[in-house]
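Q: Attaching a single structure in structure tokens format; questions to follow.
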Amino acid sequence: MGTREQKKIFTIADVFKAFGKNVDENHYHQAYTQYKTLCDHARYLAKKDTETHDYLKSYYEENEENYPGCLSDDQKQTCLPLYDFLCSAGAVLDLTNVWPTYVFLVEVFNRQNKTTIKTKPHIDKSEEFIPDVLQCMKSAMNVETWNAAHAEYKNLLKDEEKMKQIPDRAREKELWALSGDVAAQKFLDNIEYMDNALYLLIKEAMMKNINGSQTAWCQYGSLLHSSELLKREEEQTARRFEREIVDLQDKCKELAQQNEIKSRKIEELTERLEGTSLVKEPSENSVCTTNLTPASDVEEIFSKLYDKEWTELFNSLESEVEDERERIIKLCECVKKAFQFCKEESEKQLNKLHTITTEILSLCSTPEEENEDCQGEEQNSNISFSDLNSHLLEIKKQCLLMSLSKIRLMFKKSYTLMKTDNEAIQRNIEAYLAGCINVCWSMCIQDPPMTILTPEKGNSVDTNMFNLYKTEGGVVDLCVWPALLRCEKGDVVCKGCVLPQII
């Protein structure tokens with residue numbers, strides 16, 4: 001039985017089509033990638049140096065009978081996966097016309113890469129050669145191309161600096177450098193960059209054997225690698241932010257739905273309570289009257305406390321506390337403590353009163369229940385449910401007012417930071433403490449409660465809320481007197497006073 005005649009193949013592309021399915025996918029991919037890279041270099045040479053390209057091509061076509069025997073070890077090693085692939089295919093296919101093309105492509109590649117990055121342990125970055133090459137090529141290139149190359153170089157430097165500030169990417173780049181920075185060569189082989197102005201300029205410099213152009217070529221590849229790492233990081237960050245935005249949007253929708261459900265529940269409960277008159281305020285004709293101090297009067301009392309009692313105590317303390325700052329701190333701390341004390345005690349009392357009145361009202365019939373129970377019978381109650389509710393509200397307010405003397409005594413016993421043996425000064429202290437408690441208690445039992453605001457040291461002075469004490473300035477040193485607010489985060493009803501820092 002005769003030997004089966006081998007099928008004759010004329011191009012490397014046909015070899016991939018005819019034999020590609022006979023090798024594993026990884027080997028096929030590596031070989032095909034190298035083939036595309038070699039073709040890119042050949043196209044570049046044909047574009048830049050037609051004479052050399054045509055000479056090499058005709059030489060290898062005329063001497064095709066010498067292949068593959070004349071392949072050198074260097075040529076085999078340059079593109080080993082592609083060489084192995086062709087050797088395997090040569091066992092079943094006639095590649096007589098293919099080998100000259102392969103060696104031509106390898107020769108072109110070798111001529112353009114006399115010194116490759118892989119021959120170095122890593123790129124020497126101690127000296128930048130690209131600026132020198134740019135300067136040497138300035139007169140040989142048109143102005144537009146040179147300016148574009150120069151701008152590209154500057155942008156690549158910026159990208160590398162940004163990349164170095166990202167720890168993970170910087171470590172990745174360093175690992176590539178330790179392995180010969182082969183990623184840089186990968187980018188130099190990428191056809192995507194072959195039309196870049198800087199790529200063309202350095203290639204031109206290499207063909208003209210400009211000093212340092214080979215090293216500049218390696219450094220250019222490294223910069224391209226850094227730029228790609230930065231781009232990858234920015235894309236990952238953008239995707240992460242997009243996911244976070246989607247998560248936040250979903251969370252907002254969920255919270256909005258929960259808020260809507262709660263709002264509906266509040267409306268339902270309010271309607272039910274209004275139906276039983278449990279939250280109705282007394283009418284104008286009701287017997288209920290209130291003796292609560294109006295907010296406008298609280299503002300006046302608060303202002304007078306600073307103008308009179310504060311000033312008298314501040315001046316009288318000078319004989320015992322010479323330092324003005326220390327006296328300011330003592331007096332401001334006193335009014336802050338008084339307010340905190342009144343706030344806590346008023347909340348306790350209101351909670352107790354609320355519990356008691358709720359228990360009382362729970363034992364009473366609502367107007368609807370009264371009507372049902374009394375149908376056909378004469379009502380013998382002289383007080384209606386709404387009247388009882390009004391009386392209980394009045395009792396709450398009166399209880400808070402009647403507690404003032406006890407609150408004053410409790411604070412006097414608990415606050416021991418301001419005491420002296422000087423009777424005149426002690427009288428001023430007691431008058432100031434009593435004034436602080438009186439006005440703070442009136443603030444806390446308002447509906448809604450009023451509050452005070454004291455700025456921290458170093459804050460900017462808000463002239464809408466505070467007057468300046470003695471000197472000009474824009475930064476707070478000490479709070480002399482707090483500002484009075486209509487409610488928490490409400491409008492200012494009485495300005496405070498601050499001592500600004502002296503610059």
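No value in this document is a laboratory result; all are computed from the given coordinates. As the structure is a computational prediction, the values presented were derived from the model and not from experiment. Cβ atoms come from the backbone with ideal geometry, glycine included; neighbour counts cover every protein chain shown.
Q: Please give the net charge around Glu312, taking every other residue with its beta carbon less than 13 angstrom from that of Glu312, where Lys and Arg add +1 and Asp and Glu add -1. Can you show the working numbers first?
A: On the way: positive: Lys304, Lys308, Arg327, Arg427; negative: Asp307, Glu309, Glu318, Glu430.
After counting each charged neighbour, the total is 0.
Q: If each residue's Cβ is checked for other Cβ atoms within 10 Å, how do Arg243, Arg169 rank with the fewest at the top?
A: On the way: Arg243 10, Arg169 19.
Listed from fewest to most nearby Cβ atoms, that is Arg243, Arg169.
Q: Would you order Lys308, Lys419 from fewest to most other beta-carbon atoms within 10 Å of each residue's own beta-carbon?
A: Lowest to highest Cβ neighbour count: Lys419, Lys308.
Q: If we count other beta carbons within 10 Å of each Cβ, what is the order of Val106, Val321, Val476, Val439, fewest first?
A: Ordered by Cβ neighbours within 10 Å, fewest first: Val321, Val476, Val106, Val439.
Q: I need the P(r) histogram for the range 450-503: all alpha carbon pairs, bin width 10 Å from 0 out to the longest distance, whole percents.
A: All Cα pairs considered, the percentages come to 30, 52, 16, 1.
Q: So, one more: Given Lys308/Lys413; Lys253/Lys336; Lys162/Lys457; Lys162/Lys253; Lys343/Lys419, which pairs have Cα atoms separated by over 31 Å? If you can, show how the numbers build up before the last one.
A: Working: Lys308/Lys413 24 Å; Lys253/Lys336 41 Å; Lys162/Lys457 38 Å; Lys162/Lys253 37 Å; Lys343/Lys419 24 Å.
Pairs exceeding 31 Å: Lys253/Lys336; Lys162/Lys457; Lys162/Lys253.
Q: Give the separation of the Cα centroids, the range 450-481 to the range 195-220, in Å.
A: With the range 450-481 and the range 195-220 each reduced to a Cα centre, they are spaced 65 Å.
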